[in-house]
């Protein structure tokens, strides 16, 4: 699992913990597949470590066995030592006759299927209120005087009966969902954004087939195309999910799908129809699925080794069913519900190789991180805009002209100058004799660099014990080594051993975060033709405006030349360098569009990244890249130390400044290795402090000094 993913989850949990001391109701939004159950368990474990007098009541959906799934996950986390303070209990109604439902009180996490607490249910006959009175001490005698924190999992589903108990019994309420209900006041206080989850490799990116003419037959053909690669590169059997209508159209849709699957080209595909009525469920997998009870079909279908290629369903798998091997979704049914669409879409966005993703090849990683969706426009993409590089016939001009060298940190196991045997020999020879459970917990919580090193070193059980007993000292030694970028950093090379050069992705997309700027003459154009672009922050927009104006200014070294390198695109096969771009009335120029070679480094599909170390290896994706008239590459990572009041309660100042300082060190060394010019423009109050890294040297410039530097050929 990439360290970015671990940190993204942990930062969200820390923000929830911090807000717990400030508010009584907190809403957490995170995309399906980003690990909400894991983060929920982490949050509960941390709170219990500080306050064992807290009891958690986790309200979950009854359908889809989500309550049982959550209970089993919490039990697993506790038994394996990840979150050992959790002591879960699943509330159920499996009692005989007229016996009153009883809930024991000697647990600290109670999982409540939502439908158990509804009108007519046994919990509504006094059992729930009696349990809560006993827990909170509101009974006259024998109360435990504990605080109850309510967690609403999938909070977009109403829990009216529980809400009626809030003022009486619940000290805190946490709303967890990928799609919180804004109309009920569930505005996110803590949020993992879609792009952040994709960038951390927690969930797949979406390749949206937004074509009303695209048929289910085309989706099945696309599935056949990627099936072999999925198996060979990922070791996973992929799955296509087809969602059909709920009512009158369903039977005709099923027959049409079966007709396609019975064609000669598709007879080898195994399919499964899962609907609410067991009598209507069906499959052609006579070897395996037919031999299982129907209530076990979903368990079988979700495994990476399952041979079921296609799952056809109505609305029975919207929530609570993890199937990471699913990579395609074709929606026939029009749900008319954004929430339902988001939940269904989440079934195909989980990373099937999350835990060992960094060990995959580049080709395998790209495949694992792609999902194909027909028929649904995801909510986050409703405010997302597709962009592609400028160019018609000459679409390679940008990527041919703008070549960027990128850097990485060598894995410890491949660094000849780093000898783990010698390091361990210098450490205490007598082990501390911790329990195996304590050691395992220390090992699994370690950074990927450390775990990989331990796996490489531990040829025997005794070596693993020796390594894990000294894991803190080993971490300190490795940090010292990796932070010496002279030893650890290198330019990325291709398969032939040549320094690899990358450029902007041919296409990408960005979220509308406001902070608008109209740009007509940079490398990107919006698919919809609009010239209004949005930026992630006010400081990023302000720096984009500086670059937008700068590239058009005259250089001081070459009269008549502009600062930014100019590319001409149009009906010509000639290279930009062969065309008199600045003037003339040649017929060749009449149909040309001129633009400057600079642009935003949009994260989706980007290969422009530089690794740095901050307790673990991270990737910095700089915000902007510019090539000037002197063929110099300028790379910008924009920062601001002005704290926004909106985020003032959850920003970790120390960690943010540590990151800035580590980026300075990394960019300093990368400038020496790549001979590119790196910048950290930092906005403080209303002034820019531009940290420039040129050939291994740091210069601190004002905005005007930076502009003048770009005008001179040094």
Task: Test set (1) surrounded by 13 or more Cβ atoms within 10 Å (Cβ to Cβ); (2) at pLDDT below 90; (3) under 23 Å from the mean Cα position of the chain (by Cα) - residue 602 fails condition number - done: (2)
TODO: Give the stretch 300-311 a look and list any residue that's over 20 Å from residue 253 (Cβ atoms) and more than 25 Å from the chain's Cα centre (by Cα), or say none.
DONE: 300, 306, 307
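Looking at the stretch 150-172, which of its residues are part of a strand (DSSP E or B) and either at pLDDT below 90 or crowded, with 22+ Cβ neighbours inside 10 Å (or both)?
In the first step, residues of the stretch 150-172 are kept if they are part of a strand (DSSP E or B); the result is 150-153, 170-172.
Within the stretch 150-172, 150, 151, 152, 153 qualify.
So is residue 175 assigned to a strand (DSSP E or B), in contact (Cβ under 8 Å) with a residue 40 or more places away in the chain and surrounded by 14 or more Cβ atoms within 10 Å (Cβ to Cβ) or not? Spell out how you get there, then give the answer.
Working: assigned to a strand (DSSP E or B): yes; in contact (Cβ under 8 Å) with a residue 40 or more places away in the chain: yes; surrounded by 14 or more Cβ atoms within 10 Å (Cβ to Cβ): yes.
Considered against the rule, which asks whether it is assigned to a strand (DSSP E or B), in contact (Cβ under 8 Å) with a residue 40 or more places away in the chain and surrounded by 14 or more Cβ atoms within 10 Å (Cβ to Cβ), residue 175 comes out as yes.
Would it be correct to say that residue 82 is in a loop (DSSP other than H, G, I, E, B), in the same structural domain as residue 177 (by TED's automatic domain parsing) and in contact with a helix residue (DSSP H, G or I) (Cβ under 8 Å, 6 or more places away or on another chain)? Spell out the reasoning first.
Numbers: in a loop (DSSP other than H, G, I, E, B): yes; in the same structural domain as residue 177 (by TED's automatic domain parsing): yes; in contact with a helix residue (DSSP H, G or I) (Cβ under 8 Å, 6 or more places away or on another chain): yes.
Taking the combined requirement at face value, the residue satisfies it.
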Open item on the list: Any residue that is under 22 Å from residue 609 (Cβ atoms), assigned to a loop (DSSP other than H, G, I, E, B), modelled with pLDDT of 95 or more and within 25 Å of the chain's Cα centre (by Cα) - is there at least one of those in the stretch 635-643?
Closed with: yes
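When you go through 659, 664, 672 one by one, which is the residue that is within 21 Å of the chain's Cα centre (by Cα) and either at pLDDT below 95 or not in a loop (DSSP other than H, G, I, E, B) (or both)? So that I can check it myself, show each step before the final result.
On the way: 664 fails: within 21 Å of the chain's Cα centre (by Cα); 672 fails: within 21 Å of the chain's Cα centre (by Cα).
That would be 659, the only listed residue that is within 21 Å of the chain's Cα centre (by Cα) and either at pLDDT below 95 or not in a loop (DSSP other than H, G, I, E, B) (or both).
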Task: Check on residue 116, touching a strand residue (DSSP E or B) at 6+ places or on another chain (Cβ under 9 Å) and at pLDDT below 95 - done: no
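Name every residue in the stretch 244-297 that is assigned to a helix (DSSP H, G or I) and in contact (Cβ under 8 Å) with a residue 24 or more places away in the chain, in order of residue number. Step through it out loud before you land on a result.
Looking only at the stretch 244-297, we keep the residues that are assigned to a helix (DSSP H, G or I), and these are 250-261, 264-266, 278-280, 289-291, 294-297.
Within the stretch 244-297, 250, 253, 254, 256, 257, 260, 261, 265, 266, 297 meet the criteria.
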TODO: Go through the stretch 27-75 and count every residue that is surrounded by fewer than 19 Cβ atoms within 10 Å (Cβ to Cβ) and in a strand (DSSP E or B).
DONE: 1
Task: Among (1) modelled with pLDDT of 85 or more; (2) within 24 Å of residue 368 (Cα to Cα); (3) under 31 Å from the mean Cα position of the chain (by Cα) - the single one residue 207 does not satisfy - done: (1)
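Any residue that is at positive phi, touching a strand residue (DSSP E or B) at 6+ places or on another chain (Cβ under 8 Å) and at pLDDT 90 or above - is there at least one of those in the stretch 507-516? Spell out the reasoning first.
Going through the stretch 507-516, the residues at positive phi turn out to be 514-515.
Filter once more, so that each one left must be touching a strand residue (DSSP E or B) at 6+ places or on another chain (Cβ under 8 Å): 514-515.
In the following step, the residues that additionally are at pLDDT 90 or above were identified as 515.
Within the stretch 507-516, one or more residues are at positive phi, touching a strand residue (DSSP E or B) at 6+ places or on another chain (Cβ under 8 Å) and at pLDDT 90 or above.
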Open item on the list: With the structure loaded, tell me whether residue 583 is out of contact with any helix residue (DSSP H, G or I) (no Cβ under 6 Å at 6 or more places or on another chain), more than 30 Å from residue 637 (Cα to Cα) and at pLDDT 50 or above or whether it fails that test.
Closed with: no
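Every residue, every condition in (1) in contact with a helix residue (DSSP H, G or I) (Cβ under 9 Å, 6 or more places away or on another chain); (2) at pLDDT 90 or above, yes or no:
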| site | (1), (2) |
| --- | --- |
| 294 | yes, no |
| 298 | yes, no |
| 312 | yes, yes |
| 318 | yes, no |
| 324 | yes, no |
| 336 | no, no |
| 340 | no, no |
| 353 | yes, yes |
| 358 | yes, no |
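So if I check each of 551, 491, which one is modelled with pLDDT of 95 or more and farther than 30 Å from residue 593 by Cβ? So that I can check it myself, show each step before the final result.
Details: 551 fails: farther than 30 Å from residue 593 by Cβ.
None of the others qualify; the one that does is 491.
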Open item on the list: Taking the conditions exactly as written (under 28 Å from residue 161 (Cβ atoms) and out of contact with any strand residue (DSSP E or B) (no Cβ under 7 Å at 6 or more places or on another chain)), does residue 73 satisfy them or not?
Closed with: yes
Task: Index of the failed condition, residue 124 passing every other in (1) at pLDDT 85 or above; (2) within 14 Å of residue 91 (Cβ to Cβ); (3) surrounded by fewer than 18 Cβ atoms within 10 Å (Cβ to Cβ) - done: (1)
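So, residue 143, is that one in the same structural domain as residue 50 (by TED's automatic domain parsing), surrounded by fewer than 19 Cβ atoms within 10 Å (Cβ to Cβ), at pLDDT below 85 and at positive phi or not? First the steps, then the outcome.
Values: in the same structural domain as residue 50 (by TED's automatic domain parsing): yes; surrounded by fewer than 19 Cβ atoms within 10 Å (Cβ to Cβ): yes; at pLDDT below 85: yes; at positive phi: no.
So residue 143 does not fit the description; no.
Would you point out which residue out of 111, 103 is surrounded by 14 or more Cβ atoms within 10 Å (Cβ to Cβ), at pLDDT 75 or above and in a strand (DSSP E or B)?
Numbers: 103 fails: in a strand (DSSP E or B).
On inspection, the qualifying residue turns out to be 111.
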Open item on the list: Which numbered condition in (1) at pLDDT below 85; (2) more than 14 Å from residue 242 (Cβ to Cβ); (3) in contact with a strand residue (DSSP E or B) (Cβ under 6 Å, 6 or more places away or on another chain) is the only one that residue 371 fails?
Closed with: (1)
Open item on the list: Here are the criteria: (1) in contact (Cβ under 8 Å) with a residue 40 or more places away in the chain; (2) farther than 26 Å from residue 670 by Cα; (3) in the same structural domain as residue 614 (by TED's automatic domain parsing). Tell me which single one residue 470 does not satisfy.
Closed with: (3)
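Restricting to the stretch 684-714, give me the number of residues that are out of contact with any strand residue (DSSP E or B) (no Cβ under 8 Å at 6 or more places or on another chain) and not in a loop (DSSP other than H, G, I, E, B).
Initial filter on the stretch 684-714 (out of contact with any strand residue (DSSP E or B) (no Cβ under 8 Å at 6 or more places or on another chain)): 685-687, 695-697, 704, 707-708, 712-714.
Now drop any that are not not in a loop (DSSP other than H, G, I, E, B), which leaves 687, 697, 704, 707-708.
Total satisfying the criteria: 5.
Can you pull out every residue in the stretch 529-541 that is in contact (Cβ under 8 Å) with a residue 12 or more places away in the chain and out of contact with any strand residue (DSSP E or B) (no Cβ under 7 Å at 6 or more places or on another chain)? Show your work before the answer.
Looking only at the stretch 529-541, we keep the residues that are in contact (Cβ under 8 Å) with a residue 12 or more places away in the chain, and these are 530-541.
Answer for the stretch 529-541, where residues must be in contact (Cβ under 8 Å) with a residue 12 or more places away in the chain and out of contact with any strand residue (DSSP E or B) (no Cβ under 7 Å at 6 or more places or on another chain): 530, 536, 538, 540.
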Open item on the list: Which numbered condition in (1) in a helix (DSSP H, G or I); (2) outside the structural domain of residue 355 (by TED's automatic domain parsing); (3) in contact (Cβ under 8 Å) with a residue 24 or more places away in the chain is the only one that residue 183 fails?
Closed with: (3)
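Go through the stretch 552-566 and count every residue that is in a loop (DSSP other than H, G, I, E, B) and either surrounded by fewer than 19 Cβ atoms within 10 Å (Cβ to Cβ) or outside the structural domain of residue 630 (by TED's automatic domain parsing) (or both). Walk me through how you get there before you give the answer.
To start, the set of residues in the stretch 552-566 that are in a loop (DSSP other than H, G, I, E, B) comprises 552-553, 555-561, 563, 565.
Those left that are additionally either surrounded by fewer than 19 Cβ atoms within 10 Å (Cβ to Cβ) or outside the structural domain of residue 630 (by TED's automatic domain parsing) (or both): 552-553, 555-560.
Qualifying residue count, the stretch 552-566: 8.
The values are calculated or read from the model by the stated rules, or taken from the named source; none is laboratory data. From a predicted model like this one, the values you see are computed outputs, not experimental measurements. Virtual Cβ from ideal backbone geometry, glycine too; neighbours counted across all protein chains shown.
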